[in-house]
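Below is one structure, written out as structure tokens, with a few remarks after it.
The values are calculated or read from the model by the stated rules, or taken from the named source; none is laboratory data. These numbers were taken from a predicted model, which means no experiment stands behind them. Note that we place each Cβ from the backbone using ideal geometry, even for glycine, and neighbour counts take in every protein chain shown.
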Amino acid sequence: MTNIAVLVSGRGSNLQAIIDSIESGYLKAKISVVASDVGDAYALERARKHGIDAVFVNPKIFSSKELYEKEILGILKTHDSELILLAGYMRVLGKTLLEAYKNRILNIHPALLPAFPGLHAQKQAFDHGVKAAGCTVHFVDDVLDGGPIIMQRCVEVKEDDDAETLAERILEQEHKIYPQAVKLFVEKRLRIEGRKVKIIQP
Ligand code: GRF
């Protein structure tokens, strides 16, 4: 079974979706550790409720991103983590983690990439006036929200939406596609070919 590490910074609803899909038997994997750069992130509590090791790594006590990520790397090694999931982790990854886990880091982003990378993607999309918004699961590389795309889901923008109602409906879809994409990864059904990700049929 694939050992997963999840990096979080906030409420952890995507973490919860992954936990639920493991507990229901949909996803044959194990979350060995959840790490956060925010001490009171609710995601840490969610992990502990499910008996998962949850650690706060305080970025403020490290003099560089490299040293901070080396600390995280040590924790992931101790937990034999083979795959990293970013689930609302609000830091841009540096070389240390990217090189150690090349092609083994996934992220969920609340927009149809490559449109609207970065922060507040749902509001960016809403303010732009798009008619179709959505979410994306992608591999993480050194370009912010720019790695090869694994899965996307469209969410229609309704006439009476505001940025918040749109974000809520996008989030519902995030909770569906993140477990699906992770399942493909753990079943070794993803093959990166340049910018494209081929999904291998079982
Ligand atoms: C989600 O919208 C995710 O797409 C983005 O950050 C948010 C995290 O939410 N990367 P949660 O912590 O998983 O509830």
field: Hits in region 142-151 - residues which are surrounded by fewer than 17 Cβ atoms within 10 Å (Cβ to Cβ) and either within 16 Å of the ligand (Cβ to nearest atom) or assigned to a helix (DSSP H, G or I) (or both)
entry: V143, L144, G146
Flag if G88 is modelled with pLDDT of 95 or more, under 30 Å from D162 (Cβ atoms) and outside the structural domain of F56 (by TED's automatic domain parsing): no
task: May I ask you to list the residues in region 40-87 that are charged (D, E, K, R) and in contact with a helix residue (DSSP H, G or I) (Cβ under 7 Å, 6 or more places away or on another chain)?
output: R46, E66, E69, K70
query: Quick one: which of Q201, Q124 is part of a helix (DSSP H, G or I) and either crowded, with 17+ Cβ neighbours inside 10 Å or away from the ligand (no atom under 14 Å from the Cβ) (or both)?
result: Q124
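For every residue, the table says whether it meets (1) over 21 Å from L171 (Cβ atoms); (2) of a type outside the set (G, A, S); (3) more than 10 Å from the ligand (Cβ to nearest atom); (4) not in a loop (DSSP other than H, G, I, E, B).
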{"residue": "Q16", "(1), (2), (3), (4)": "no, yes, no, yes"}
{"residue": "L27", "(1), (2), (3), (4)": "no, yes, yes, no"}
{"residue": "A54", "(1), (2), (3), (4)": "yes, no, yes, yes"}
{"residue": "T96", "(1), (2), (3), (4)": "yes, yes, yes, yes"}
field: Residue pairs meeting the criteria (Cβ under 8 Å; at least 6 apart or on separate chains; first farther than 27 Å from V92 by Cβ and without any contact (Cβ under 8 Å) to a residue 24 or more places away in the chain, in region 147-169; second polar (S, T, N, Q) and within 16 Å of the ligand (Cβ to nearest atom))
entry: K158/T165
query: Which of the following residues is crowded, with 18+ Cβ neighbours inside 10 Å and assigned to a strand (DSSP E or B): C135, C154?
result: C135
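So that you can scan it fast, the table gives a plain yes or no per residue for (1) β-branched (V, I, T); (2) under 19 Å from the mean Cα position of the chain (by Cα); (3) at pLDDT below 95:
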position: G134; (1), (2), (3): no, yes, no
position: H138; (1), (2), (3): no, yes, no
position: G146; (1), (2), (3): no, yes, no
position: D160; (1), (2), (3): no, no, no
position: L166; (1), (2), (3): no, no, no
position: L171; (1), (2), (3): no, yes, no
position: P179; (1), (2), (3): no, yes, no
position: R189; (1), (2), (3): no, yes, no
position: V197; (1), (2), (3): yes, yes, no
- request: Go through region 152-182 and give me each residue that's hydrophobic (A, V, I, L, M, F, W, C), under 25 Å from K102 (Cα atoms) and away from the ligand (no atom under 13 Å from the Cβ).
  value: V182
- request: Pick out the one residue from K60, K70 that is of a type outside the set (A, V, I, L, M), without any contact (Cβ under 8 Å) to a residue 12 or more places away in the chain, assigned to a helix (DSSP H, G or I) and more than 22 Å from P179 (Cβ to Cβ).
  value: K60
